[in-house]
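Derivation of every value follows stated rules applied to the coordinates shown; laboratory data play no part. Because the structure is a prediction, the values reported are computed rather than measured. Neighbour counts are summed over all protein chains in view; Cβ atoms, including those assigned to glycine, are modelled from backbone coordinates with ideal geometry.
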Amino acid sequence: MSTDFSVVVPVYNSAETLRELYVRIADLFQQMHKSFEVVFVDDKSLDNSWEVICELKQEFKYKVRAIHLAKNAGQQNATLCGIQNCSGNLIVTIDDDLQVPPEEIPKLVECMEKTDADFVYGIFDAKRHSLIRNIGSRFFNAFFKLIASTSGKGSSFRLLKRSLTEKIKDVGHDYFLLDEVLSWYTLDIEQQLVDHHQRGTGSSGYNTIRLIKMSMNYTFNYSAFPLRMMTYFGFFVSLIFFGIGLYFIYQKFYEDVELGFTSIIVSIFLSAGIILFCMGIIGEYISRIYLKEHKRPPYVIKKFLE
């Protein structure tokens, strides 16, 4: 049975905020006189988040769907799991930490009604994260605006039409990037300014190393940018080597200068380094093709309480 709204919440180590988040979502939709469900996807949390979700399911029954993943799949895959297992005509994705108040959802709804967009991002004037985290997020967004189809300025707070999410029902990818996949199917994307608060409890699961690793994974899986750069760089270096070769040939025949050992060694090591670097990039793509052929699932559900 479908509902007006499904709110998908990927959960990781947020036991302290889940009950408040649900209560505020429920109060909001009661005020809006809309039917709703909240889909909690526990991404193999290390705290008692799953126990709290089970308590909410037992208490509110048909208003809550509880999904427990067998292993940590990452925020993107957990969100995909929630989208693929919800019933709402409109789908909201929101984080579990209350940094984006659920009371901001009507702003996204109003924007969608005015523009008839397929999905709407809730964006922020300034994110209330640490300085390093903000710098990392800005670099990540700017980089993907350059190499991929994403708008470059989005967030995990979104409102999506059911007709759009149906198109990604069968998407299966070990390194799933929701914003990029959605942009394959529509250009009717809007952005709405919303509030963003300081994190009340806990800490972000995205440290610098994880952000760098995530950027590399998404770069190799959703862009041919490294291959293009390898082509351009190889062409540029080959021109330099061709020029150096002509220079030494000129010296040999017209100035009677013996070719030096140093120049040969430098040329060999530099060219070998470039070749190995390019082979590494090709290897990254081949490894991902190999994994895709094995049809590795983006997530594995351990328990599903509908």
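Taking 0.36 nm per intervening residue step and subtracting the Cα-Cα distance, what contour gain separates E51 from Q30 on full extension?
So the extension gain works out to 5.0 nm.
Using 1/(1 + (r/R0)^6) with R0 = 45 angstrom and r between the beta carbons of Y185 and E20, what's the FRET efficiency to the nearest 0.05?
Working: r = 34 Å, r/R0 = 0.76.
After rounding to 0.05, the efficiency reads 0.85.
Gap in Å between the Cα centre of the stretch 29-55 and the Cα centre of the stretch 69-100?
10 Å
Take L193 and F60, extend 7 Å from each Cα along the Cα→Cβ direction, and tell me the distance between the two endpoints in nm.
If labels sit at L193 and F60, their model points lie 3.0 nm apart.
Using only the C-alpha atoms of the stretch 1-130, find the volume of their convex hull and express it per residue in Å³. Display every interim value, and only then the final one.
On the way: hull volume 15.3 nm³, N = 130.
So the per-residue hull volume is 118 Å³.
At 0.36 nm per residue, minus the direct Cα-Cα distance, what do F225 and I264 gain on full extension? Give it in nm, one decimal, please.
Contour length minus Cα-Cα distance gives 10.9 nm.
Taking 0.36 nm per residue of separation and subtracting the Cα-Cα distance, what length does fully extending I289 through N85 add?
Working: separation 204, 0.36 × 204 = 73.44 nm, distance 2.72 nm.
Full extension from I289 to N85 adds 70.7 nm.
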